[in-house]
Each structure stands twice: as C-alpha cells, then as structure tokens.
Amino acid sequence: MPGKQEEVVRELSHTVAMIPLAHIEVNPFQPRKDFDEAALEELAQSLKTHGLIQPITVRRLSGKEYQLISGERRLRAARIAGLKDIPAYIRIANDQEMLEMALVENIQREDLNPIEISITYQRLLDECHLTHEILGDRVGKKRSTVTNFLGLLKLPPQIQQSLKNKELSMGHAKALRGVDDLAIQLSIFNEIISKGLSVRDAEQLARDYQQPRPKAAGPAKRVPDSYLHVQDNLRSFFGAKVQLKTGDKGKGQILIPFNSDEDLNRLLDLLEK
C-alpha cells in the first residue's frame, strides 16, 4: 500500500487540477489575517486578463471538498475577479515527506521552464517548511540560484508568461528584476520582445532607464493622492511611465512617453483597443 500511496503523491505533486472556488475552504490556522485590498483588486484585474500562472495548493478533505494550504491571496483575488474555478495542486493528508521527495525528483527534469522551477521551489518552501539554504542543499543548487529563481515569481504576469514560453532567458529576467518601477520594467520588457534584444542590451537598457535625469527648473507639483491610483493603473495598462499633471480647476495632462517607433506603435495599438 505505501508504494501505491507514494505513486499517487508523486503524480499529484506536479498535476494541476481545476477546482471550483466554492469547494475550497480557507485554513482556519492560516497565520496571515490582513491583506492589502488595493493590491488584491490589482491582482484580480490581472487574473481577468492573464489568468493565474502560479496554482494554489489544497488538501483534499472528503469527496469534492478541499482546504487551502497555500495561496490565500491568489484565492481571494480569484473570488474578487469572479472566477468559478482555480488551478490547484492537490495534496493528500500526512504526505509531507513523500511530497518533498516527489517535488525534488520533479525539479531534476530537463524540460522545465524557469517559472515551473520557481513554482516548485516556492512549494518546497511553503509546504515542506524549508529555508533557502536547506532547499539549495536538497536540489543541489547554490542559495543565490534558488533566490534568483524565487524572484521570478515577483515579476508581472506577462513577463512570467514569456519566461514560460522561453521567449526570455534567465539573464533577461535578472535585468528586469533589477528595475523597481513597474512601468519602466514593462517598457523594457516590451522593447526586449519587439527588438529581440540580447541580455547585454537589456542590462544596458535597464541601466540607462535608471540613470538619474536632470531636474526641471522650479519645484515639481505633487500629484494629488486621489490621482495616484489612476496614474498607477495607466502605467500598468500602457507599460510605460505615464505621468499625470494637474492644474487649477480640474485641468491637467496625461503624458505617455515612448522610446522608439516600435514602442509608439505598441501604444497606438493599445489606444485603438
């Protein structure tokens, strides 16, 4: 019987099932209680557009009922987005040791893309309670390598998707990870894809973007808080560092910068939609 159970665990460790959200209950012992509502709304909008790239993990309770193990933020955002089903890994009760063995075995496959590797590393951290250092020992990698892979999961969904499709390399992703501003990050990403830039070109582009620019004469007028959310949404939509400039009596300007003819055409396509 143990052999059969081990076979089932190994199969479920990398099989993703679509589960109705209505059949998933939150773990009552989940230590995290507070979630940023604005961040959840942004994630929900992203899920509507791109879907969920990193599945949640659940434990089967009985029949069609499941309990969440990891991914509560993704589950909440999926509910806000109005999704009916969500991709999930299914675990069996009391299988942690076999799960760890199956995941480590799975990570040795040569056909995994960087995001699949990153998600597996994250599962080992979340579900098997490993540290980065112990995880590195388990999979035969340096701690810094593990950390670099885990950092990919912080990239925007469209960049993660390009990594899954092998349109971007780890070198490209590392250059993009070094850019803190989401709008600049997406702008560089779009330029890499449209021009087929090398890793070295991407690194140089990231450095150029982050060079401090000379300040305009006179004090800059601060954008009112009520406009900041609008500005952030526009930056995310256009993948450019959009700026709102406000004046008196509700007047103002929306500035959308572009870096090349290709970038301008990309923006025009978005505006036409």
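The values are calculated or read from the model by the stated rules, or taken from the named source; none is laboratory data. Just so we're clear, the structure is a prediction, and the values are computed from it rather than from any experiment. In this analysis, Cβ positions are derived from the backbone assuming ideal geometry, glycine residues included, and neighbour counts consider all displayed protein chains.
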Worksheet item: Got at least one residue in the stretch 65-77 being modelled with pLDDT of 85 or more, outside the structural domain of PHE238 (by TED's automatic domain parsing) and among the hydroxyl-bearing types (Ser, Thr, Tyr)?
Response: yes
Worksheet entry | Within the stretch 194-244, tally of residues that are within 21 Å of the chain's Cα centre (by Cα) and modelled with pLDDT under 75 | 2
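Conditions (1) surrounded by 19 or more Cβ atoms within 10 Å (Cβ to Cβ); (2) in contact with a Pro (Cβ under 7 Å, 6 or more places away or on another chain); (3) on the phi > 0 side of the Ramachandran plot; (4) among the basic types (Lys, Arg), marked per residue:
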{"position": "PRO157", "(1), (2), (3), (4)": "no, no, no, no"}
{"position": "LEU176", "(1), (2), (3), (4)": "yes, no, no, no"}
{"position": "SER198", "(1), (2), (3), (4)": "no, no, no, no"}
{"position": "ARG207", "(1), (2), (3), (4)": "no, no, no, yes"}
Worksheet item: Can you tell me which of ILE115, ILE184 is under 24 Å from LEU47 (Cα atoms), assigned by TED's automatic domain parsing to the domain that holds ARG59 and touching a residue at least 40 places away in the same chain (Cβ under 8 Å)?
Response: ILE115
Worksheet item: Looking at the stretch 134-154, which of the residues that are crowded, with 16+ Cβ neighbours inside 10 Å and touching a residue at least 24 places away in the same chain (Cβ under 8 Å) is farthest from PHE189 (Cα to Cα)?
Response: ARG138
Item to complete: Name the helices (runs of 4 or more DSSP H) wholly inside the stretch 106-214 in which the number of residues that are farther than 22 Å from HIS50 by Cβ is 1 or more.
Response: 114-128, 132-139, 143-151, 170-177, 182-195, 199-210
